[in-house]
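Data first, discussion second: the structure below is written as structure tokens.
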Amino acid sequence: MFGKWLKNYWGFVTGVVFVWLWNVSVVSAQTTITLKLQNPIKYKNIPDLIKAILDVIVQISVPVVAVLIIYSGFLYVTAQGNEEKLKVAHRALMWTLVGAAVLLGASVLSGVIAGTIAQIQGTPQP
């Protein structure tokens, strides 16, 4: 137990000495380093970035929803009155429509949140 504590203690002391020596060497060099962070994306604020991401998601998801609705119709046609296959087709259509509603709701909700933030900040809404 004492050996583990001693090992941790010397690790801590070594780290402190290293940081102290590094700070001393930077201060003694008398150089000033200025770092400027650049924004790697073209959006200036978070709501614009979120809106752009949701736009891409919607553009990708709308064709997927359309294909899934067509697939659900295909399942209904191929069921030919079989109760189990009709349940599968009904479930596929229901969850496709739920997914479409979630996508639409997310898009509308992001617009509402962006408008609310713009109104609180007093900036004009895009």
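Quick one: order K87, K42, K36, K51 by neighbouring beta-carbon count within 10 Å, fewest to most. Mind showing how you got there, number by number?
Details: K87 11, K42 8, K36 4, K51 17.
By the 10 Å Cβ count, ascending, the order reads K36, K42, K87, K51.
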**Complete:** Rg/Rh of region 46-121 (Cα atoms, Kirkwood Rh), to two decimals, equals 1.21
**Request:** Report the full-extension gain for the segment S110 to A52: residue separation times 0.36 nm, less the Cα-Cα distance, to one decimal in nm.
**Result:** 19.8 nm
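Count the net charge of all other residues whose Cβ sits under 15 Å from the Cβ of S72, scoring Lys and Arg as +1 and Asp and Glu as -1. Kindly include the intermediate steps, with their values, before the conclusion.
Details: positive: K85, K87, R91; negative: none.
Once positives and negatives cancel, what remains is +3.
Read-outs: derived from the displayed coordinates by stated rules, not from any lab. Since the model is a prediction, treat every value here as computed from it, not as a measurement. Backbone-built Cβ (ideal geometry, glycine too); neighbour counts: all protein chains shown.
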